[in-house]
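One structure is given here, and the rest of the page talks about it.
The values are calculated or read from the model by the stated rules, or taken from the named source; none is laboratory data. Everything numeric in this text was worked out from a predicted model, so none of it was measured. Cβ placement follows ideal geometry from the backbone for every residue including glycine, while neighbour counts extend to all protein chains displayed. Just the protein is used for accessible areas: all its heavy atoms, side chains included, with ligands, DNA and RNA removed. Shrake-Rupley method; radii C 1.70, N 1.55, O 1.52, S 1.80 Å.
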Amino acid sequence: MQEEQGAARRLLKAAGERVARFGPVLVAAAAALLLLDLYLGGTGLGAALAVLVLIVVAMLFPERQEKRGAEERIDGGARLIETLPATDLAAAVQDPLYIFDEAGGVVYANRAASAAFGPAVPGLSLQLKFRAPEMHDFIARAIEGVNGDLAIDYVERVPFERAYRVSATPIGEGTRLFVLLFKDQSEARRIDRMRADFIANASHELRTPLASIAGFIETLRGPARDDAKAREAFLQIMHDQTGRMARLIDDLLSLSRLEAKPYGRPGEKVDLRLLIGGVRDALAHLAKESGVTIELDIPDTPLEVAGHRDELVQVFENLLENACKYGSSGGRVVVSAGGGGPGEERTVTVTDFGPGIAEEHLPRITERFYRVDVETSRAQKGTGLGLAIVKHILTRHGARLSIRSKLGEGSSFTVHFPPP
Amino acid sequence: MQSQHIMRSFDEELRFLANQIGAMGGYAERMVDEAVAALVGGDVALARKVIEDDLYLDLKEREIGEKAVVIIAKRQPMAADLREIVGAIRISGDLERIGDLGKNIAKRVVAVTEARQPTRLFRGLSSLTELALTQLKEVLDAYATRSAEKIGFVRDRDEEIDAMYTSLFRELLTYMMEDPRNITACTHLIFCAKNIERIGDHATNIAETVFHIITGTTMPPERPKVDQSHKIIATVPAAQGGK
């Protein structure tokens, strides 16, 4: 009984709402009917009757209308999808995506595409941007509609290796537009390479210390068996060599791990001032050991760059460590920074006042295992990988390293970060 | 290319020309990369493929030249359009030369890999190649996106290549002095390094052409040449004199 009453009340309420919503239309209709009736010479009674019918119809309408409202909400999404701009959808895709016309001209590039392959200007031609012969064939076949939904592998070698699975698909029917989608496969590929590289480098670089240890063991077993003094000296050398091997393995792993990491523009904001302060504290012990004082010459304003904190710590640790080790004869190391203004590149320079590096070595010292002086490097427990790691990290940050040095005066290593 | 001509077919012709440059660029980049990979890995089959690929570049260069002449005769282009077309002819010439240099490296693969060489001989060459290829990619990307700002940077990189080449020259010379059995391989490697350095020079030429196409002005002329290898002298250690 109460339920029935409730239902009736709801119906009445809905009817009222409906009448209210159609108010202006109803009033207009009623006025028109009244005028028509009067014009035709009626008394207005017929018109009043018609208006009544009108209102009743309007009140009965709601029930059906309510039901349709629910349906409307469901196909609202479906209908919205039909009218949704394609660009909104493309922008929401996390992988690089291009929409191109039948001449290969880029019509739209999403943000991931601009981040991975540089900004797309209007009229950019895909065949000019992706020049690899197989990409040319692939795009041509996609435009002719031959390859259906096949995909190919595309590899960019420089500035660092990236591998993609690329697919090209026509959009809709008769639009003559196509979508080119890149799926990043770099990680799997890099892990493969990492394994191969690691084995190649490790076997080559570990063989030398291993051979020397084997030699000493042989001597200890044979001629030096009863020579306590020689034994002590040999054991010390062997100890040094095993330490070197352990460091080498650490560095190789660190480099390989960096290379295996997926590429992504670093997003975190890092304040270099704090970071460098931390690195200096961490290296205080080494500096003291080498007899070097580390001076910071950094402005008080924040020096922010976009980057991965841990990787940047590694960069400055390596640079400062090198400066302390190889520039110890200068007695001091200066870290200076500049260019905090908007749109300016940020630079950090690590300067030592040691013996300096001869000009012919400068272009090459970031290569793996390139050593200016093998003896000094060994004595300083270098692995030949420090600067290679620095360079690799900086490339990933869109930053670069420049090196200046003069024999007898010292060297300075400058890191240039792009403006944020 | 961005400009709209009244005749749409003219736009299409210009676009065709640019896309052909793209195709040539892709081949040239690939050839250099594969030639050095073949050299480092001792892959004779890959070297042979590179040598064959050069035919494609020769063909394309001729095609672009002929097409450009037809366009000039038919459309009588002026200003930016003319720069675009003449630029395409010049870039295709440079790319064809890059292909030749790549082919020359590939031809030396057999001689270098006859006896297995230690990896340290190739390490410097690999990084020199990486620099040159990065430069070539940047300049062709600048051509694709019509961005003149990046071009100055490309020229800076050429200095890096020259310095690296000088250093590599010195290193290879040292190996030859250490052991005369290295002489065959190292001589070939010096030529390969020189070829790569020349590829850098061609990339710089393309950079200048692209700058001219985009801005209509020529790049500032000064370009310091820092290839110092002509000054390097191998000094024979005195101790060996008595042997």
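Is it the case that some residue within segment A:368-384 is among the aliphatic types (A, V, I, L, M) and either without any contact (Cβ under 8 Å) to a residue 12 or more places away in the chain or not assigned by TED's automatic domain parsing to the domain that holds A:Leu275 (or both)?
Yes, the conditions are met somewhere in segment A:368-384.
Based on what the data block shows, is B:His188 open to solvent by 10 Å² or more (accessible area, probe 1.4 Å), over 29 Å from B:Pro118 (Cβ atoms) and either at pLDDT 85 or above or outside any helix (DSSP H, G or I) (or both)?
Against the criterion (open to solvent by 10 Å² or more (accessible area, probe 1.4 Å), over 29 Å from B:Pro118 (Cβ atoms) and either at pLDDT 85 or above or outside any helix (DSSP H, G or I) (or both)), B:His188 does not qualify.
Given the conditions (1) at pLDDT 90 or above; (2) not charged (D, E, K, R); (3) not in a helix (DSSP H, G or I), report the number of the one that A:Gly384 does not fulfil.
Of the numbered conditions (1) at pLDDT 90 or above; (2) not charged (D, E, K, R); (3) not in a helix (DSSP H, G or I), the odd one out for A:Gly384 is (1).
Check B:Glu149 against each of (1) closer than 22 Å to B:Gly102 by Cβ; (2) open to solvent by 10 Å² or more (accessible area, probe 1.4 Å); (3) more than 20 Å from the chain's Cα centre (by Cα); (4) within 14 Å of chain A (Cβ to nearest Cβ) and name the one condition it does not meet.
(1)
If only one of B:Arg181, B:Arg120, B:Arg155 is farther than 18 Å from A:Pro159 by Cβ, touching a residue at least 60 places away in the same chain (Cβ under 8 Å) and open to solvent by 20 Å² or more (accessible area, probe 1.4 Å), which one is it?
Within the list B:Arg181, B:Arg120, B:Arg155, the selection yields B:Arg181.
Which numbered condition trips up B:Ala45, out of (1) within 29 Å of B:Ala185 (Cβ to Cβ); (2) among the aliphatic types (A, V, I, L, M); (3) open to solvent by less than 60 Å² (accessible area, probe 1.4 Å)?
(3)
If you check A:Phe182 against the conditions, is it buried (at least 16 other Cβ atoms within 10 Å of the Cβ) and within 12 Å of another protein chain (Cβ to nearest Cβ)?
For A:Phe182, the condition - buried (at least 16 other Cβ atoms within 10 Å of the Cβ) and within 12 Å of another protein chain (Cβ to nearest Cβ) - is not met.
Going by the structure shown, is B:Glu84 more than 20 Å from the chain's Cα centre (by Cα) and within 13 Å of chain A (Cβ to nearest Cβ)?
Yes; evaluated as a whole, the condition is true for this residue.
Does any residue of segment A:97-105 turn out to be under 25 Å from A:His397 (Cβ atoms), within 26 Å of the chain's Cα centre (by Cα) and free of Cβ contacts under 8 Å to residues at least 60 places away in the same chain?
Checked segment A:97-105: no residue is under 25 Å from A:His397 (Cβ atoms), within 26 Å of the chain's Cα centre (by Cα) and free of Cβ contacts under 8 Å to residues at least 60 places away in the same chain.
Give me the helices (runs of 4 or more DSSP H) completely within segment A:88-149, filtered to those with at least 1 residues that are more than 12 Å from chain B (Cβ to nearest Cβ) and either open to solvent by 50 Å² or more (accessible area, probe 1.4 Å) or of a type in the set (D, E, K, R) (or both), ordered by residue number.
Fully inside segment A:88-149 and qualifying: A:111-117, A:133-144.
Name every residue in segment B:9-51 that is at pLDDT below 90 and more than 13 Å from chain A (Cβ to nearest Cβ), in order of residue number.
B:Phe10, B:Gly42
With the requirement that a residue be in contact with a Pro (Cβ under 8 Å, 6 or more places away or on another chain) and either more than 9 Å from chain A (Cβ to nearest Cβ) or hydroxyl-bearing (Ser, Thr, Tyr) (or both), what does segment B:156-165 give you?
Hit for segment B:156-165 is B:Glu159, nothing else.
Scan segment B:191-206 and tell me whether some residue there is open to solvent by 10 Å² or more (accessible area, probe 1.4 Å) and among the β-branched types (Val, Ile, Thr).
No, there is no match, as no residue in segment B:191-206 is open to solvent by 10 Å² or more (accessible area, probe 1.4 Å) and among the β-branched types (Val, Ile, Thr).
What is the one condition in (1) part of a helix (DSSP H, G or I); (2) within 14 Å of chain A (Cβ to nearest Cβ); (3) open to solvent by 10 Å² or more (accessible area, probe 1.4 Å) that B:Gly93 does not satisfy?
Here B:Gly93 clears every test but (2).
Return only the number of the condition from (1) within 14 Å of another protein chain (Cβ to nearest Cβ); (2) over 18 Å from the mean Cα position of the chain (by Cα) that B:Gly65 does not satisfy.
Only one criterion is unmet by B:Gly65, namely (1).
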